[in-house]
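> The structure under discussion is supplied below as structure tokens; questions concerning it will follow.
Nothing in this text is a laboratory measurement; each read-out follows from the coordinates by a stated rule. What you see is a predicted model; the values in this text were computed from it and never measured. Here the Cβ positions follow ideal geometry from the backbone for every residue, glycine too, while neighbour counts run over all protein chains shown.
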Amino acid sequence: MPKIRVNEVDLFYADVGDGPETVVFSHGFLMDHTMYRAQLEALPSQYRCLAYDHRGHGRSERTAVGYEMENLYADAVAFIEAMECAPCHFVGMSTGGFVGLRLAIRRPDLLKSLTLIDTAADAEREEGLGQYKLLASIIRYLGWRPVINKVMAILFADPNPSDPARRAVVAEWKERIKRNDRMATFRFGHGIWARESVVGQLDQITVPTQIIVGDKDMPTPVSQSERMAAAIPGARLTIVEDAGHTSPVEQAGRVTAVLHKFLTTIN
């Protein structure tokens, strides 16, 4: 799988399928493009699927600077343009959704549709901000061990599932997350937590939009998705049962089915 240099950073990406339309996948904080494994396996027979790792994540470059929201947005613009895949279907989870909203508002020419998963248009909520910054500082100075269980409880509806299959998924992501670079994690977190709200601009979105959210999502709860759905013209909302902040991982089959159904309705 290749890398491409855009916006002064080397981004790693997966490129599968050769359909006439392209779906670009953008992941959430602490994850990487493999969080879309189920979707990347299901869609390539009909679509070209591109899934990139954000700077500081996965196999992309760990830069010393550039983790602000505006730079992540610029990374996405540059990636789409460099891959010559516009207009594309953009799928963004959490941070990827922050990016997707800004693309739809500012560069609708790059998008054919927008799927927002476990994300929000608001600025970071004050009630969680102190906890996140403390966790980031602990990771920076002490590493992952003291906080990894807390992080998993934030990301997953059930960080200790009894079902063996789900338990294996949580265990896999626990190990993947612990491999994240400590300084990049610290810088990336502070960058996205300082983002500005785009709530007042949601009515400017004209591309077909669907919103998917886990019913037990703590960082970006259902109420935020409901407000987005009410503000974006024609937006569709799906609430996924028994899923937290990582619904494409926790309920991969359900999210894939919803995504596929939506994509087939776009002309």
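> As an exercise: evaluate F79 against (1) touching a Leu at 6+ places or on another chain (Cβ under 9 Å); (2) outside any helix (DSSP H, G or I) and give the number of the one condition it does not meet.
With (1) touching a Leu at 6+ places or on another chain (Cβ under 9 Å); (2) outside any helix (DSSP H, G or I) applied to F79, the lone miss is (2).
> Also, quick follow-up: Within the range 31-41, is even one residue without any contact (Cβ under 8 Å) to a residue 60 or more places away in the chain, under 30 Å from S197 (Cβ atoms), not in a loop (DSSP other than H, G, I, E, B) and not polar (S, T, N, Q)?
Yes; the residues of the range 31-41 include at least one that is without any contact (Cβ under 8 Å) to a residue 60 or more places away in the chain, under 30 Å from S197 (Cβ atoms), not in a loop (DSSP other than H, G, I, E, B) and not polar (S, T, N, Q).
> Right, something else. Can you tell me which residue is surrounded by the most Cβ atoms within 10 Å (Cβ to Cβ) among those in the range 205-227 that are over 16 Å from the mean Cα position of the chain (by Cα) and in contact (Cβ under 8 Å) with a residue 60 or more places away in the chain?
I205
> Something else now. Looking only at the range 228-261, count every residue that is more than 14 Å from M35 (Cα to Cα), outside any loop (DSSP other than H, G, I, E, B) and either touching a Ser or Thr at 6+ places or on another chain (Cβ under 9 Å) or touching a residue at least 12 places away in the same chain (Cβ under 8 Å) (or both) and tell me the total.
Qualifying residue count, the range 228-261: 12.
> Tell me which of these R48 doesn't satisfy, since it passes every other one: (1) surrounded by fewer than 22 Cβ atoms within 10 Å (Cβ to Cβ); (2) more than 21 Å from W193 (Cα to Cα); (3) touching a residue at least 40 places away in the same chain (Cβ under 8 Å).
(3)
> Please determine whether any residue of the range 159-178 is over 28 Å from H89 (Cβ atoms), touching a residue at least 40 places away in the same chain (Cβ under 8 Å) and not in a helix (DSSP H, G or I).
Looking through the range 159-178, none of the residues is over 28 Å from H89 (Cβ atoms), touching a residue at least 40 places away in the same chain (Cβ under 8 Å) and not in a helix (DSSP H, G or I).
> From the list L103, L129, L134, pick out the single residue that is without any contact (Cβ under 8 Å) to a residue 40 or more places away in the chain and surrounded by fewer than 20 Cβ atoms within 10 Å (Cβ to Cβ).
L134
> Now for a different question. Residue by residue through the range 8-39, note down the ones that are charged (D, E, K, R) and either in contact with a Leu (Cβ under 9 Å, 6 or more places away or on another chain) or buried (at least 19 other Cβ atoms within 10 Å of the Cβ) (or both).
Of everything in the range 8-39, those that are charged (D, E, K, R) and either in contact with a Leu (Cβ under 9 Å, 6 or more places away or on another chain) or buried (at least 19 other Cβ atoms within 10 Å of the Cβ) (or both) turn out to be D15, E21, D32.
> On to the next question. List pairs: first in the range 183-204 and over 22 Å from L142 (Cα atoms) and in contact (Cβ under 8 Å) with a residue 12 or more places away in the chain, second of a type outside the set (F, W, Y) and crowded, with 21+ Cβ neighbours inside 10 Å, Cβ under 7 Å, 6+ apart or cross-chain?
Between residues of the range 183-204 that are over 22 Å from L142 (Cα atoms) and in contact (Cβ under 8 Å) with a residue 12 or more places away in the chain and residues that are of a type outside the set (F, W, Y) and crowded, with 21+ Cβ neighbours inside 10 Å, the close pairs are S197/A121; V198/L101; V198/R102; V198/A121; V199/A121; L202/A121; L202/M228; L202/I232.
> What are the residues in the range 32-63 that are among the charged types (D, E, K, R) and farther than 20 Å from E175 by Cβ, if any?
Passing the criteria: E41, R48, R55, E61.
> Counting only residues that are of a type in the set (G, A, S) and surrounded by 12 or more Cβ atoms within 10 Å (Cβ to Cβ), which one in the range 143-170 is farthest from P248 (Cα to Cα)?
Result: G143.
> Next question, about the same structure. Quick one: would you say N71 is over 19 Å from the mean Cα position of the chain (by Cα) and over 16 Å from L114 (Cα atoms)?
No: the conditions fail for N71.
> While we're on this one: Being among the charged types (D, E, K, R) and buried (at least 16 other Cβ atoms within 10 Å of the Cβ), is that true of even one residue in the range 77-95?
No; the residues of the range 77-95 include none that is among the charged types (D, E, K, R) and buried (at least 16 other Cβ atoms within 10 Å of the Cβ).
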